[in-house]
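The values are calculated or read from the model by the stated rules, or taken from the named source; none is laboratory data. What you see is a predicted model, and the numbers here were worked out from it, not measured in a lab. With ideal geometry, Cβ positions are generated from the backbone for all residues, glycine too; neighbour counts draw on all protein chains shown.
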Amino acid sequence: MTENLIEAAADEAVTLTSELIRIDTTNTGDPDTVVGERAAAEYVAEKLTEVGYEISYVESGGTNRHNVVARLPGADPTRGALLVHGHLDVVPADPAEWSVHPFSGAVQDGYVWGRGAVDMKDMVGMTLALARHYKREGIVPPRDMIFAFLADEEAGGKYGAQWLVSNRPELFEGATEAISEVGGFSVTLKDDVRAYLVETAQRGIRWMTLRVRGTAGHGSMIHRDNAVTKLSEAVAKLGNHRFPLVVSDSVREFLDGVTEITGWEFPEDDLEGSVAKLGNISRMIGATLRDTANPTMLTAGYKANVIPSVAEASVDCRILPGRLDAFDRELDELLGPDVEREWMELPPVETTFDGALVDAMSAAVTAEDPGSRTLPYMLSAGTDAKAFQRLDIRNFGFAPLQLPADLDFSALFHGVDERVPVDALKFGTRVLDRFFRSA
């Protein structure tokens, strides 16, 4: 009977994921064009209250920016609570580029399709299905569980996790550990051996604006103080710069684990070349070997024959744990004093791959996939964990999915034709159930 009930919850996770995708929660980062998370938050709130949860439905400022938090009491209230958080917003998608409409939530060809399928309405669907299952069946987990469904992760969490940590920290009272997105997914290594990557670290984020000032004038004249020219030179210098290779503890532990499984070596004199052996996942792992600073937008001028007095560029910087001071020194050397810098910054996240929670993750995965391994890794991007570490919560990425060996999973994040396998959703729901009951 218990097995049938969890399979029913797994089926519901697929349905919930599809229905959540159909709710457009596009986050452009621009208040004038953000759709907002309100409709999805109302959907989640209804699904939770329907089975008896008391929820906190929190409007965090801005238009249609809403969050939902609920707590399930555990058997031992003296233990630290487990926070399970997921974001409701998604990045934009152009329907003209997709095989199916990005907000269709289509279930076809063995996949659930649409924007947010892997980032991260799949985890929201699995979490919501299990939260409902536990309440309906009267299942009491070992410790308190806090379920948080959040706004604005795709733009840094100003109206979501960051706002809640600053203004409503009592919602997370007692939480000592947390799980969320971009971890627990499988990669197939040598001889069909699967490793499930648990995120234990992530690079820091700095979204930076470069600004150069010059002398305005007529475009037909000779100009030695052209802001566009000076900015272009600075952007090219920064965009072409290669920061030094650094092997962080979590990256080394991941590579050592792969060596143990496969026998592949990762010599430091050819580390980037040897990481290429990892196939599709090599892009994600390779991006954690050094800091990056990628120019993304340029803004200057208002007419073809007018030299502007100001030119600006946006740069997406990602910084390894422990590298912030060195990163700043390199920027000073590259850009010099004439390039102004402003930024929004979120710190790196890092923890160790050990302890009872990690043991529970590994046990839950291997119970569903015997012979597999769990390995720690560093995420090249960032998540709402950056906010929750301010509350001294230990953060992991663990949204388990068993993936086809030939699926380029990392390319699906923010990509065209984002989709998640139906079987992977059901697998992940079963793994999370085992994990929640033992964590």
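Quick notes
- Residue check, R252 surrounded by fewer than 19 Cβ atoms within 10 Å (Cβ to Cβ), more than 26 Å from R329 (Cα to Cα) and basic (K, R): no
- Test: A236 is without any contact (Cβ under 8 Å) to a residue 60 or more places away in the chain and among the aliphatic types (A, V, I, L, M): yes
- Helices (runs of 4 or more DSSP H) contained in the range 355-439 and holding at least 2 residues surrounded by 16 or more Cβ atoms within 10 Å (Cβ to Cβ), in contact (Cβ under 8 Å) with a residue 40 or more places away in the chain and more than 18 Å from the chain's Cα centre (by Cα): 356-368, 422-438
- A single entry from M208, M221 fulfils the requirement of being part of a strand (DSSP E or B), out of contact with any Asp or Glu (no Cβ under 6 Å at 6 or more places or on another chain) and either modelled with pLDDT under 95 or closer than 30 Å to F388 by Cβ (or both): M208.
- Residue check for L255: closer than 20 Å to F353 by Cβ and either charged (D, E, K, R) or not in a helix (DSSP H, G or I) (or both): no
- Residue identified as touching a residue at least 12 places away in the same chain (Cβ under 8 Å), farther than 21 Å from L375 by Cβ, surrounded by fewer than 16 Cβ atoms within 10 Å (Cβ to Cβ) and touching a helix residue (DSSP H, G or I) at 6+ places or on another chain (Cβ under 6 Å) among L346, L334, L298: L334
- Candidate set from the range 162-198 (those that are surrounded by fewer than 21 Cβ atoms within 10 Å (Cβ to Cβ) and in a loop (DSSP other than H, G, I, E, B)); member that is modelled with the lowest pLDDT: V193
- Residues being part of a loop (DSSP other than H, G, I, E, B) and touching a residue at least 40 places away in the same chain (Cβ under 8 Å) - total across the range 68-93: 12
- Candidates I319, I307, I281: the one that is outside the structural domain of A216 (by TED's automatic domain parsing) and of a type in the set (V, I, T) is I281.
- Here F409 does not qualify as over 19 Å from V258 (Cα atoms) and in the same structural domain as T429 (by TED's automatic domain parsing).
- When D392, D384 are screened for being closer than 14 Å to S180 by Cα and among the acidic types (D, E), only D384 passes.
- For the range 3-27, a residue qualifies if it is modelled with pLDDT under 95 and either within 20 Å of E153 (Cα to Cα) or of a type in the set (S, T, N, Q) (or both), and exactly one does: N4.
- Tally, over the range 67-109, of residues that are in contact with a strand residue (DSSP E or B) (Cβ under 6 Å, 6 or more places away or on another chain) and surrounded by fewer than 24 Cβ atoms within 10 Å (Cβ to Cβ): 9
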